[in-house]
Amino acid sequence: MFPSLSPTRLTLLTLLSATTLFLFYKSHRRLLHRLKTFKTLNPDTRGKIFFISQTSTSKGLAQRLHNLLTLNNLPFDLIDPKDYEPEDLCRETLVLVIASTWENGEPPQNGAFLVNWVNESAEDFRVGAALLVKCKFAVFGVGSRAYGETFNAVGKGLSGNLRKLGAKELLEICEGDVDGGDLDKVFDGWSKKVVEALKDNWKENGVYFGNLNGVDGEASDEEEYDDEDDEEGENDGESELVDLEDIAGKGPSRRKEMVEAKANGELNGVTGKKAMVTPVIRANLEKQGYKVIGSHSGVKLCRWTKSQLRGRGGCYKHSFYGIESHRCMEATPSLACANKCVFCWRHHTNPVGKSWQWKMDDPLEIVNTAIELHTKMIRQMKGVPGVKEGRLSEGLAPRHCALSLVGEPIMYPEINTLVDELHRRRISTFLVTNAQFPEKIKLLKPVTQLYVSVDAATKDSLKAIDRPLFGDFWERFVESLKALKDKQQRTVYRLTLVKGWNTEDVDAYSSLFGTGNPDFIEIKGVTYCGSSATSKLTMENVPWHYDVKEFSEALCRRSNGEYAVACEHVHSCCVLLAKVEKFKVDGQWYTWIDYEKFHDLVASGKSFTSNDYMAPTPSWAVYGAEEGGFDPEQTRYKKERHHKNSR
């Protein structure tokens, strides 16, 4: 039994309980209101963020925006348009779109259906201009300005057609440039504007989201609440906007990036020109093993360099031209390129551009740093099982430089000075260009061997495979081939065979022989580098060595005896065609190079031709030899593979 309470005590207890309940109710009413509001939201009243993405760039940006909106109490759903019915747009009240532009100004695959539906609806007179009249939208385009007129074509097209269908712009379209427009900074600025616009305008279809300043209209009588006691926690008029940089785990702040960029020499305070290699690009390249030099160059240790250090064989250039792979430095003075080839083994982590628009590093400094970093990587091979001490010592003095690491070396304005410096140190030069800068080829000084990539033989296939930035890419390609004719030193067409893309164009390829009249034609099967959002290639696109041989022999037959198959390197799935009249003397192939003779000729200052520094090809490297292009002085090594038995 509870003791009886006097009337006075009972009255006091009742008042105390009522007061406690009232204070609890008052202090938590704002929270209860917000919970009630969010609980009653349905999918049609929540905003939608669509990401139209090919390489996950737009997807990543959309996720960042979604996090930012969530932190600012703005409810949105993140939507992959491939899982969305376009007809449902008619019910949406607020739509944000992060849209990438892909090949030929087309949308990525995941957003193609949605974009086409919007475009077709906008042009259909039966639909009318009030279809999306209840919808407000904002579009952020992601593209590359290097593609000229198709830059952000998808985003601009969507914005225009949504307006045609009656939707109203929350903000004007914002265009981000992935290759030179400081995408993160532009997107951060746009995202903040989106939040501010939402806080100023968010009240659609009678839905009110609690604690948003400046909302049109008033809450209903049932929703009104007294906030006189809510002064605690206010920020004296400061914006409630949560900054992108405050989102945990979302990378460095812009201030931090600027400090790091200055420390790394990535900003040029004198000229104001930007660095080619941004912190993001640098991180991606370094993750792949590149050593970035200055603001636009790079060097990397080739796997064949490692192989010959261990006496396990050299690359195809060793078999074809006598390059000592363990003394070869793979480098580039320009990480930027004017193409985005489908078979790029860098997965498009390097920048692109149609002209030199970045700060420029000194060529002597590039050479010095490249050699320093290369020899440092060679030293790190000491102690690796199988590394020969003598070869390690030789490797510390590079004698060859393959200017083909990544990008377009010939874009570098001081390429001739850089080549001169390498030759002065008696380092040979194999330079590869992607056939988009004919004037640069014409101005190039003699190199040991000049390559032009001939990735396709017709205009349509070249566009599909190389995905060039230039609108006049075919004309540039043809002019680049013609520029080879005037070169007196060794010239090469380099063909990369991609099964299902260019292996059927034998006649078209042979028709290009006369255009550039190359000394050699290298034919190599594409190397599969794993899956990538930027490439559609699979192992089915990789030809076998016998496929490459058949293609090469067919080309020789089309040349009417002008070219013949001279060498092969089975391991690399690579075959060399050579001009019979120039490089086959008394039945002996002379595809190898007398490198010392070459350097003497360069130092003399006199004109010379490819015949002046050729050397005989060893029998083991000749096409059809039992060794298949493998140097018998090396030790053939086959890695043991243990496959599980299939049942």
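The values are calculated or read from the model by the stated rules, or taken from the named source; none is laboratory data. Everything numeric in this text was worked out from a predicted model, so none of it was measured. Because the Cβ atoms are built from the backbone with ideal geometry, glycine has one as well, and the counts that use them run over all protein chains shown. All accessible areas refer to the heavy atoms of the entire protein, side chains included, with ligands and DNA or RNA removed. Shrake-Rupley method; radii C 1.70, N 1.55, O 1.52, S 1.80 Å.
Quick grid of which residues meet (1) among the hydrophobic types (A, V, I, L, M, F, W, C); (2) under 21 Å from Val195 (Cα atoms); (3) at pLDDT below 90; (4) in contact with a helix residue (DSSP H, G or I) (Cβ under 8 Å, 6 or more places away or on another chain):
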residue: Ala122; (1), (2), (3), (4): yes, no, yes, yes
residue: Phe125; (1), (2), (3), (4): yes, no, yes, no
residue: Leu131; (1), (2), (3), (4): yes, no, yes, yes
residue: Cys135; (1), (2), (3), (4): yes, yes, no, yes
residue: Phe140; (1), (2), (3), (4): yes, yes, no, yes
residue: Ser144; (1), (2), (3), (4): no, no, yes, no
residue: Thr150; (1), (2), (3), (4): no, no, yes, yes
residue: Val154; (1), (2), (3), (4): yes, no, no, yes
residue: Ser159; (1), (2), (3), (4): no, yes, no, no
Sole exception among (1) at pLDDT below 95; (2) open to solvent by 60 Å² or more (accessible area, probe 1.4 Å); (3) within 28 Å of Val498 (Cα to Cα) for Lys644, by number: (3)
Scope region 562-577; condition of a type in the set (Gly, Ala, Ser) and part of a strand (DSSP E or B); matching residues: Ala564, Ala566
Those residues of region 62-85 which are under 17 Å from Gly155 (Cβ atoms) and open to solvent by less than 10 Å² (accessible area, probe 1.4 Å), in sequence order: Ala62, Leu65, Pro81
Conditions (1) more than 24 Å from the chain's Cα centre (by Cα); (2) of a type in the set (Val, Ile, Thr); (3) part of a helix (DSSP H, G or I): number failed by Val154: (1)
Any hit, region 540-560, residues being farther than 28 Å from Thr635 by Cα and modelled with pLDDT under 90: yes
Cross-chain or 6+ apart pairs with Cβ under 6 Å, region 597-624 first and touching a residue at least 24 places away in the same chain (Cβ under 8 Å), then open to solvent by less than 50 Å² (accessible area, probe 1.4 Å) and among the acidic types (Asp, Glu): Ser610/Asp519; Tyr623/Glu568
Of all residues making up region 591-605, the number that are open to solvent by 60 Å² or more (accessible area, probe 1.4 Å) and either at pLDDT below 95 or in contact with a strand residue (DSSP E or B) (Cβ under 9 Å, 6 or more places away or on another chain) (or both): 3
Residue that is least open to solvent (accessible area, probe 1.4 Å) [pool: residues in region 282-332 that are over 30 Å from Cys567 (Cα atoms) and without any contact (Cβ under 8 Å) to a residue 12 or more places away in the chain]: Ala283
Residues located in region 366-398, provided they are in contact with a Phe, Trp or Tyr (Cβ under 9 Å, 6 or more places away or on another chain) and either of a type in the set (A, V, I, L, M, F, W, C) or within 22 Å of Tyr412 (Cα to Cα) (or both): Ile366
